[in-house]
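Report on the following structure.
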Amino acid sequence: MSDVQNTVNTVLVVGAGTMGNGIAQVCAQAGMTVTLTDVSPAVLERGMQNIGKSLSKLVEKGKLDGAAKDATLGRIAAAGDTSAAAGADLIVEAIPERMELKVALFRELSAKAPAHALLGTNTSSLSVTEIAGAATDPSRVIGLHFFNPVPVMELLEIVRGLTTSEATLDRAQAFATAIGKKAIVVKDFPGFATSRLGVMLGCEAIRMLEQGVASAADIDTAMKLGYRHPMGPLELTDLVGLDVRLAILDHLHREVGEQFRAPALLRQMVRAGYLGRKSGRGFYEYPDTKK
Ligand code: CAA
């Protein structure tokens, strides 16, 4: 493979939700040409708006100048289909956490992508090895797990599936460096390093709320002031999405064990549509985003 093909210049991000639009933004900020796609035109439009807002925030803070913002936006194209896969050096999947959707997508895109393309999944807990099994060449599939808000969080958790090749791992690490993230490499085990620990803290916080140990605000203050966490575990669950955390817990409960059984309160809140910031209500209320 030539060096040109080894370097990631062109990226297709599939899924324009919170994670997908953040991933598209950091790739474009690093000078890559990006196509962002989603099956929902509304989600795609909101995703592009979020990128604009996030870049404006960076300009306000003096971290980016106006010309760099315009150049970054100019490198991102919104598309209603995945035809850009044919010219991509890297495809990053950031669609909902449902194995059947991911398997179908990797089957389709790996057939369309060039033979050198790196195929990344932003899954936060599902098996990278199982997703890779759907691809024409499983050795080029790897977990690229980003964190919300993507433009701010420094970590990229690289997940090596059983079939991921050494060359793919090397290229994923070079990609992390190119977009300014610090990478850790973990084995493909349910929940990896981050989600397994992160959901457990959130889960215990919800159980404590159920048991009446303290109010939501006091549980969050405990971890912010007592442990210097930037956000409390309940605030963070609102940021990530209660539905997202419930899906991770259910998966880890099945795959790892009883310690990950989801609290009844979490399930009830998801059933009520209290999904966190994005729905206007979770453990706290967000009047500005109320639907
Ligand atoms: N784009 C650009 N800049 C942004 C931004 C965005 N989307 N969001 C925040 N910022 C910037 C702010 O402008 C601010 O910049 P300065 O430091 O220059 O002032 C900085 O980030 C901090 O933001 P705020 O002052 O608004 O608020 P804060 O200090 O409370 O920080 C936070 C916000 C970065 C979200 C911080 O609270 C934090 O780090 N929280 C923890 C987030 C976390 O744990 N994320 C992981 C979730 S798990 C996950 O994503 C993976 C999964 O699989 C589910």
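Only lysine pairs 8 or more places apart, or on different chains, with alpha-carbon atoms under 18 angstrom apart are counted in the chain, and they number 10.
Sorting Glu97, Glu60, Glu45 by the number of Cβ atoms found within 10 Å of their own Cβ, with the fewest placed first, yields Glu60, Glu45, Glu97. Candidate membrane-span-like segments in the chain, meaning DSSP H helices with Cα atoms spread over at least 30 Å of their own axis and a Kyte-Doolittle mean of -1.0 or above, do not occur, with no membrane implied either way.
Just add up the charged neighbours of Arg107: K/R +1, D/E -1, any other residue whose Cβ is under 15 Å from the Cβ of Arg107. With Lys, Arg at +1 and Asp, Glu at -1, the net is -1. Which of rounded, prolate, oblate describes the stretch 3-187, given a ≥ b ≥ c as roots of the alpha-carbon gyration tensor eigenvalues and a/c under 1.5 marking rounded, otherwise prolate only if a/b is larger than b/c? It comes out prolate by the Cα gyration axes.
Classify the stretch 203-271 as rounded, prolate or oblate, taking a ≥ b ≥ c as the square roots of the eigenvalues of its Cα gyration tensor: rounded when a/c is under 1.5, otherwise prolate if a/b is larger than b/c and oblate if not. Mind showing how you got there, number by number?
Numbers: a/c = 1.78, a/b = 1.67, b/c = 1.07.
Prolate, because a/c is 1.5 or more and a/b exceeds b/c.
Could you please report the charge total around Thr18, scoring K, R as +1 and D, E as -1 over all other residues with beta-carbon less than 13 angstrom from its beta-carbon? Let's see the in-between values first.
Numbers: positive: Arg46, Lys53, Arg277, Lys278; negative: Asp38, Glu97, Asp238, Asp243.
Once all neighbours under 13 Å are counted, the net charge is 0.
Positive end of the charge dipole of the chain (Lys, Arg +1 and Asp, Glu -1 on Cβ, about the Cα centre): tell me which of Val256, His145, Met231 has its Cα farthest that way. It is Met231, whose Cα lies furthest towards the positive end. Counting other Cβ atoms within 10 Å as a rough exposure proxy, the listed residues Ile23, Ile219 run Ile219, Ile23 from fewest neighbours to most.
GNM remark for the chain: springs join alpha carbons under 10 Å apart, and the peak mean-square fluctuation among Ala24, Ala77, Ala217 falls on Ala217. Taking the DSSP bridge list for the chain and keeping only pairs wholly inside it, about 15 percent are antiparallel.
Can you give the helix-only mean residue ellipticity at 222 nm for the chain, where every DSSP H stretch with n ≥ 4 adds -39500 (n - 2.57) and the sum goes over all residues, rounded to the nearest 500 deg cm²/dmol? So the calculated ellipticity at 222 nm is -14500 deg cm²/dmol.
How do Ser40, Ser165 line up, fewest other C-beta atoms within 10 Å first?
The most exposed by this proxy come first: Ser40, Ser165.
Every read-out reported here was derived from the displayed coordinates using simple, explicitly stated rules and does not represent laboratory data. Being a predicted model, the structure only gives us computed values, none of them experimental. Neighbour counts run over all protein chains shown; Cβ positions are idealised from the backbone, glycine included.
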